[in-house]
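For reference, the structure discussed in these notes is given below.
The values are calculated or read from the model by the stated rules, or taken from the named source; none is laboratory data. All of these numbers come straight from a predicted model, not from anything done at the bench. FYI the Cβ positions are ideal-geometry reconstructions off the backbone, even for glycines, and counts take in every protein chain you see.
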Amino acid sequence: MQDIAGHIAGRLKALRQARGWSLDRTAQATGVSKAMLGQIERGESSPTVATLWKIASGFAVSFSSLFTAPGEPGMSGGVGQTRWGRDAVGMQARLLFPFDPLLGFEMFEIEMAPRAVSESTPHAAGVVEHIVVVEGALGFSVDGEQRRLGVGEGLRFQADRHHVMENLGDSVMRFHDVIHYLPGAVAGE
């Protein structure tokens, strides 16, 4: 596969063209500025994980569809190697299993730099996340409710609400994130 930023640029443009959306219409649907969308499409900007979530939610597609092409070889097998670089808040995502429309889920390994904080705007209605910490300690809050999770601990939450994840330690923290799309949460992919 081509470099990931180039692939995301192509996927964004293809999604927009398939719907016949202008950059203005796309900005309205995603909450991402027209200028930023243009920069992403031209490969001039590396969007953050939060920006990619806004784009996926606005188009009603799975998060991993921005990294993979429909029918890409190996879609049903083992751990993938697609990795999205560390963003401005110190978060890096590695795609483990791309979206499976039959099962309605995808799986990532998320790595956060020491003391990094990531705030996520609500994802599309019907998106549920399951996270399990595999290294370090995670601070998590949704709707003002706060939790601390250590290695081997996890939780499930409705991701259509504002949520915050924080690496509570001075070393890298990793967790697995299974994203489940309930029926109707994503358009046919």
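Observations on the structure shown:
- Of all residues making up segment 173-189, the number that are surrounded by 14 or more Cβ atoms within 10 Å (Cβ to Cβ) and free of Cβ contacts under 8 Å to residues at least 60 places away in the same chain: 0
- Check on A124, of a type in the set (G, A, S), more than 19 Å from S57 (Cα to Cα), outside the structural domain of V61 (by TED's automatic domain parsing) and buried (at least 18 other Cβ atoms within 10 Å of the Cβ): no
- Residue within segment 82-91 that is buried (at least 19 other Cβ atoms within 10 Å of the Cβ), modelled with pLDDT of 85 or more and assigned to a strand (DSSP E or B) present: yes
- Unmet requirement for D170, which otherwise passes all of (1) under 19 Å from the mean Cα position of the chain (by Cα); (2) part of a loop (DSSP other than H, G, I, E, B); (3) loosely packed, with under 14 Cβ neighbours inside 10 Å: (1)
- Complete set of residues in segment 9-47 that are closer than 18 Å to V89 by Cβ and outside any loop (DSSP other than H, G, I, E, B): M36, I40
- Count of segment 150-167 residues which are surrounded by fewer than 15 Cβ atoms within 10 Å (Cβ to Cβ) and either in contact with a Lys or Arg (Cβ under 7 Å, 6 or more places away or on another chain) or without any contact (Cβ under 8 Å) to a residue 12 or more places away in the chain (or both): 1
- The numbered conditions (1) assigned by TED's automatic domain parsing to the domain that holds L168; (2) within 13 Å of the chain's Cα centre (by Cα); (3) modelled with pLDDT of 90 or more are all true for G58 except (1).
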